[in-house]
Amino acid sequence: RIDGSKAGGRSGTFELAGLVVAGIDDTLRGVSFTNWDGPGIWLSDDQVFWGYVFPTGVEVGGNLLGLTPTGQAAGNVDGVDAGGYSSTSCSEPTVPSPFCVLIGGSNPADRNVISGNTGDGVQVGGYWTSVRGNYIGPDITGGGTPGTSQLGVEIFSGLHNVVGDATAPTGAAGTAAR
């Protein structure tokens, strides 16, 4: 469990995230991210700190975002922020699926439970991101509370993003689902 309750809050104007990923071919699996005043996981393209390193070949699966391992709500602001990376970094993905970032997956073991957060479950603002097979909003078993305060999935920019079980990019942008 990566718990932000004692992290000290915001650092100036920056939100604190449970884990920042600005790398290539990373897999994040089996961790509970709780109590962060930013996202539990931030897939970053932050040029100030990382020098335009864009997440590519990143898989986020089997995690709890906003819930403790026992299923208690301990929300972050957002569950996962997969936002803002450049289309040139992922114009022709070479990862096993046709996506640069995969949040969840088709197998139950790949499912993230994203719930109890005060903001969105997942924010997408980049290219070639697939969000599928997750529980977004329900409790740890897939039913009941604790919920997500805002949108389950928000796609606020980008192209070739998919929410659901689609196998090919659709080019959807500017949509949101609850």
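The values are calculated or read from the model by the stated rules, or taken from the named source; none is laboratory data. In this text the structure is predicted, and so the values were computed from the model without any measurement. Note that each Cβ is placed from the backbone with ideal geometry, even for glycine, and that neighbours are counted across all protein chains shown. To get the accessible areas, we keep the full protein, side chains included, count just its heavy atoms, and leave off ligands, DNA and RNA. Shrake-Rupley method; radii C 1.70, N 1.55, O 1.52, S 1.80 Å.
Residues 5, 44, ordered by accessible area of protein heavy atoms at a 1.4 angstrom probe radius and largest first, appear as 5, 44. Phi-derived couplings, Karplus 6.51 cos²θ - 1.76 cosθ + 1.60 at θ = phi - 60°, listed residue by residue for segment 19-29: 8, 9, 10, 9, x, 10, 6, 9, 10, 10, 9 Hz, with x used for Gly and Pro. Near residue 17: Cβ cut-off under 10 Å, other residues only, Lys/Arg at +1 and Asp/Glu at -1. The net charge is -4.
Scalar couplings 3J(HN,Hα) for segment 66-75, obtained by applying the Karplus form with A = 6.51, B = -1.76, C = 1.60 to θ = phi - 60°, are x, 10, 6, x, 8, x, 6, 5, 8, x Hz; x denotes Gly and Pro. Take the Cα of residue 109, step 7 Å toward its Cβ, do the same at residue 149, and the gap between the two points is 3.5 nm.
A cut-off of 5 Å between modelled amide H atoms, ignoring neighbours fewer than 5 places along the same chain, links residue 83 with 43, 125. Counting only the Cα atoms, segment 102-149 fills a convex hull of 56 Å³ per residue.
Residue 157 to residue 72: FRET efficiency via 1/(1 + (r/R0)^6), r the Cβ-Cβ distance, R0 41 Å, to the nearest 0.05? With a Förster radius of 41 Å, E is 0.75.
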